[in-house]
Amino acid sequence: AQSVSQHNHHVILSEAASLELGCNYSYGGTVNLFWYVQYPGQHLQLLLKYFSGDPLVKGIKGFEAEFIKSKFSFNLRKPSVQWSDTAEYFCAPLTNDYKLSFGAGTTVTVRA
Amino acid sequence: DAGITQSPRYKITETGRQVTLMCHQTWSHSYMFWYRQDLGHGLRLIYYSAAADITDKGEVPDGYVVSRSKTENFPLTLESATRSQTSVYFCASSGQGAYNEQFFGPGTRLTVL
């Protein structure tokens, strides 16, 4: 069975600080990887996705993620966060039966 | 362009009552999903559907029933609600194919007293 581990439960940052959220998954087959974001009071939105090709993918709002196959990791990064990045972030591998497995989520709080 | 909608947005019910949460999408997506979101667990898949009249269990299906008579609708029923089913429920849909992202509805916050 697929499992997903997000290392940080809650991250508190100041504006302009850099952000990196860890994600590791356990799945030996072909995997497509997603990061979703949930802003306070809103539904989940896609931040970025990896299917194949360049392991460094760029998403919306200045986010990027790097797929490292040998480490089963797909860490999310942003060089300089803003107050509006306060949200919950979910890593989610997509298995070949169209099902997403979500990590427990990381709450990011950005202080102005 | 409504996208994917859920109703009701908020619901309070009592233990033992039957509750149905509605989900409607306007994209004619083949796949639809129901998740519940609980603190510390992220989102867990309850049921999913690959097409009308095709449904399958997810990770936490016990106590829930789904149906999909039309492509655009995917209702979730709690046959006899329990306190442990207090949660936020999200419906999602995606198009045909392995590489399509899932689009999520706004969620239904259900409280079982």
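Data overview
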quantity: Inter-part distance where the range B:40-104 and the range A:96-112 are each reduced to a Cα centre, Å; calculated: 18 Å
quantity: Listed residues A:PHE34, A:PHE90, A:PHE72, most fluctuating in chain A (Gaussian network, C-alpha, under 10 Å); calculated: A:PHE72
quantity: Longest exposed-site-free window of chain B, the sites being trypsin sites (Lys or Arg not before Pro) in a DSSP loop that have at most 14 other C-beta atoms within 10 Å; calculated: B:18-69
quantity: Global geometry of the protein assembly as shown, whether rounded, prolate or oblate, following the gyration tensor of its Cα atoms and the 1.5 cut on a/c; calculated: prolate
quantity: Accessible-area ranking of A:ILE12, B:ILE46, largest first, probe 1.4 Å; calculated: A:ILE12, B:ILE46
quantity: Total charge dipole magnitude, the range B:1-75, about the Cα centre, Cβ charges on Lys, Arg, Asp, Glu only, Debye to nearest 20; calculated: 160 debye
quantity: Chain pair A, B: total accessible area buried, heavy atoms, 1.4 Å probe, Å²; calculated: 1700 Å²
quantity: Accessible surface, chain B, averaged per residue in Å² (probe 1.4 Å); calculated: 48 Å²
quantity: Signed unit charges on C-beta, dipole axis of the range B:16-70, positive-most listed residue B:GLY58, B:THR26, B:GLY42; calculated: B:THR26
quantity: Relative contact order (%) - criterion: Cα under 8 Å, at least six apart; region: chain B; calculated: 35 percent
quantity: Set A:LYS49/A:LYS99; A:LYS99/B:LYS57; A:LYS49/A:LYS71; B:LYS11/B:LYS70 screened for pairs whose C-alpha atoms are more than 20 Å apart; calculated: B:LYS11/B:LYS70
quantity: Occluded residues from the range A:19-56, i.e. those whose accessible area drops by 50 Å² or more once the chain is not alone (1.4 Å probe); calculated: A:HIS43, A:LEU44
quantity: Residues with amide H under 5 Å from that of A:VAL11, placed H, sequence gap 5 or more; calculated: A:THR107, A:VAL108, A:THR109
quantity: For the range A:3-111, the fraction of alpha-carbon pairs in successive 5 Å shells from zero, as %; calculated: 2, 13, 25, 26, 19, 9, 4, 1
quantity: Within a Gaussian network of chain A (alpha carbon springs, distance under 10 Å), most fluctuating of A:SER52, A:SER70, A:SER101; calculated: A:SER70
quantity: Sulfur and carbon atoms: percent of accessible area, chain B [1.4 Å]; calculated: 48 percent
quantity: Minimum 30 Å² accessible area buried by the other protein chains, the range A:77-108 residues, probe 1.4 Å, relative to alone; calculated: A:TYR98, A:LYS99, A:LEU100, A:PHE102, A:ALA104
quantity: Positive minus negative residues near A:PHE63 (Lys, Arg vs Asp, Glu; Cβ under 10 Å); calculated: +2
quantity: Net charge, B:ASP53 excluded, C-beta distance under 11 Å - Lys, Arg +1, Asp, Glu -1; calculated: +2
quantity: Unit charges on C-beta of K, R, D, E only; dipole of the range A:3-111, Debye; calculated: 80 debye
quantity: Å² per residue, accessible surface of the range A:3-111 at 1.4 Å; calculated: 46 Å²
quantity: Value of Rg/Rh across chain B [Cα atoms, Kirkwood radius]; calculated: 0.95
quantity: Dipole moment magnitude, nearest 20 debye, the range B:40-113 about Cα centre, only Lys, Arg, Asp, Glu C-beta charged; calculated: 200 debye
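The values are calculated or read from the model by the stated rules, or taken from the named source; none is laboratory data. Note that the structure is predicted; figures quoted are calculated from it, not measured. Positions of Cβ are backbone-derived with ideal geometry, glycine not excepted, and every protein chain shown enters the neighbour counts. Accessible surface areas use protein heavy atoms only, side chains included; no ligands, DNA or RNA. Shrake-Rupley method; radii C 1.70, N 1.55, O 1.52, S 1.80 Å.
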